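Peer 1: Please read through the structure below; I'll follow up with questions.
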Amino acid sequence: SQKIEQNSEALNIQEGKTATLTCNYTNYSPAYLQWYRQDPGRGPVFLLLIRENEKEKRKERLKVTFDTTLKQSLFHITASQPADSATYLCASPRAGNNRKLIWGLGTSLAVNP
Amino acid sequence: NAGVTQTPKFRILKIGQSMTLQCTQDMNHNYMYWYRQDPGMGLKLIYYSVGAGITDKGEVPNGYNVSRSTTEDFPLRLELAAPSQTSVYFCASSPQSPGTSGGYEQFFGPGTRLTVL
């Protein structure tokens with residue numbers, strides 16, 4: 001079945017460093033991948049989308065890559081700040097119904113001052 | 001724009017009681033979704049709707065019902081609450097056409113935390 005996997009272990013990094021989060025997909029080839037941020041007690045918020053024919057996309061301190069050979073997307077936050085601490089979710093449209101998303105479990109990021 | 005709003009924020013139900021979780025969006029989005037999120041389980045789709053009068057089941061529809069009489073509202077009904085329905089419920093919406101990102105991002109409400117005892 002179609003699946004998205006993210007690192008389940010929390011990621012702890014020092015302020016100012018680059019955080020790198022991984023999203024792997026199996027058993028399908030999504031047309032694009034989305035990244036969302038979720039703060040405790042709140043709903044996810046859309047951050048970035050990258051299409052399968054795009055190698056990289058940037059938005060301010062965020063960068064997303066898409067490697068169709070490795071079936072993987074990497075999400076980078078450069079010059080990280082404590083305010084970046086949150087859970088980051090990866091999602092992609094299901095094959096056959098691009099309006100329904102498959103969600104990863106998310107990776108919790110803690111940026112320490 | 002208020003975006004997606006949900007009420008109530010919190011609710012405690014007794015087993016067997018019923019309730020309706022309200023969801024409203026003011027962005028004129030055609031697509032609306034109900035998810036539940038449990039610790040370690042991720043977001044699971046309960047029901048979704050592609051427009052007023054049209055709904056369809058998601059991955060975990062048992063024990064829930066929905067209706068979509070207007071573009072703005074998409075209530076979720078629990079008829080006979082069970083402890084397994086203890087969860088955080090999120091409503092989301094998505095536009096008919098791709099957004100500036102080139103895809104169909106979803107906009108989420110703040111969630112309803114439901115406990116069934």
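The values are calculated or read from the model by the stated rules, or taken from the named source; none is laboratory data. Everything quoted here is computed from the prediction, not taken from an experiment. Neighbour counts are summed over all protein chains in view; Cβ atoms, including those assigned to glycine, are modelled from backbone coordinates with ideal geometry. The protein model used for the area step is the full one, side chains on, heavy atoms only, and it has no ligands, DNA or RNA in it. Shrake-Rupley method; radii C 1.70, N 1.55, O 1.52, S 1.80 Å.
Peer 1: Pairs of Cα atoms under 8 Å, at least six residues apart: use those to get the relative contact order of chain B, whole percent. Could the numbers behind the result be given before it?
Peer 2: Numbers: 299 pairs, mean separation 40.7, N = 117.
In percent, rounded to a whole number, it is 35.
Peer 1: Sticking with this one: Over all directions, what mean area does the Cα convex hull of chain B project, stated in square nanometres? Walk me through the intermediate numbers first.
Peer 2: Values: hull surface 28.4 nm².
That works out to 7.1 nm², a quarter of the Cα hull's surface.
Peer 1: Express the accessible area of the stretch A:3-112 per residue in Å², computed with a 1.4 Å probe while the remaining protein chains stay in the model.
Peer 2: Values: 5300 Å² over 110 residues.
Solvent-accessible surface per residue comes out at 48 Å².
Peer 1: By a straight-distance test (C-alpha under 16 Å), which aspartates and glutamates pair with B:Lys44 as possible cross-link partners, with residues fewer than eight away in the same chain excluded?
Peer 2: A:Glu5, B:Asp56, B:Glu59
Peer 1: Using every alpha carbon pair in the stretch B:55-115, what percent of pairs falls into each 5 Å bin from 0 up to the bin containing the largest distance?
Peer 2: The calculated distribution, bin by bin, is 4, 14, 21, 25, 18, 11, 5, 3, 0.
Peer 1: When the convex hull of the C-alpha atoms of the stretch A:3-112 is computed, what volume per residue in Å³ does it have? Show your work: numbers first, answer last.
Peer 2: Details: hull volume 10.5 nm³, N = 110.
Spelled out: Cα convex hull of the stretch A:3-112, divided by residues, is 95 Å³.
Peer 1: Once you've got the GNM for chain A with C-alpha springs shorter than 10 Å, pick whichever of A:Ala83, A:Ala31, A:Ala19 has the biggest mean-square fluctuation.
Peer 2: The residue that fluctuates most here is A:Ala83.
Peer 1: Any chance you could run the full-extension gain for A:Arg99 through A:Gln81? It's 0.36 nm times the residue separation minus the Cα-Cα distance, nm to one decimal.
Peer 2: On the way: separation 18, 0.36 × 18 = 6.48 nm, distance 3.32 nm.
Length gained, A:Arg99 through A:Gln81: 3.2 nm.
Peer 1: Defining a contact as two alpha carbons under 8 Å apart and six or more residues distant in sequence, what relative contact order in percent does the stretch A:26-113 show? Don't skip to the end; give the middle numbers.
Peer 2: Values: 168 pairs, mean separation 24.6, N = 88.
After rounding, I find 28 percent.
Peer 1: Here is a follow-up. Taking springs between alpha-carbon atoms closer than 10 angstrom, which of A:Arg51, A:Arg99, A:Arg37 fluctuates most in the Gaussian network model of chain A?
Peer 2: With Cα springs under 10 Å in chain A, the top fluctuation among A:Arg51, A:Arg99, A:Arg37 is at A:Arg99.
Peer 1: 7 Å from Cα along Cα→Cβ at both B:Gln17 and B:Leu80: what's the point-to-point distance in nm?
Peer 2: The modelled label-to-label distance comes out at 1.8 nm.
Peer 1: Sticking with this structure for a sec: Run down the lysines and flag those whose C-alpha is under 23 Å from the C-alpha of A:Lys55, throwing out any fewer than 8 positions away in its chain.
Peer 2: Once the sequence-local lysines are set aside, what remains near A:Lys55 is A:Lys3, A:Lys17, A:Lys63, A:Lys71.
Peer 1: Not counting ligands, DNA or RNA, and with a 1.4 Å probe, what is A:Glu56's accessible surface area in Å² rounded to the nearest 10?
Peer 2: Around 90 Å² of this residue is reachable by solvent.
Peer 1: Rolling a 1.4 angstrom probe over the protein chains, ignoring ligands and nucleic acids, what is the accessible area of A:Thr69 in square angstrom, nearest 10?
Peer 2: Roll a 1.4 Å probe over it and A:Thr69 shows about 120 Å².
Peer 1: Can you divide the C-alpha Rg of the protein assembly as shown by 2.2 N^0.38 Å and report the result to two decimal places? It would help to have the intermediate numbers written out before the result.
Peer 2: Numbers: Rg = 17.7 Å, N = 230, 2.2 N^0.38 = 17.4 Å.
That ratio works out to 1.02.
Peer 1: Given R₀ = 22 Å, FRET efficiency for A:Ser8-A:Ala31 by Cβ-Cβ distance, to 0.05?
Peer 2: Values: r = 26 Å, r/R0 = 1.17.
That gives a FRET efficiency of 0.30.
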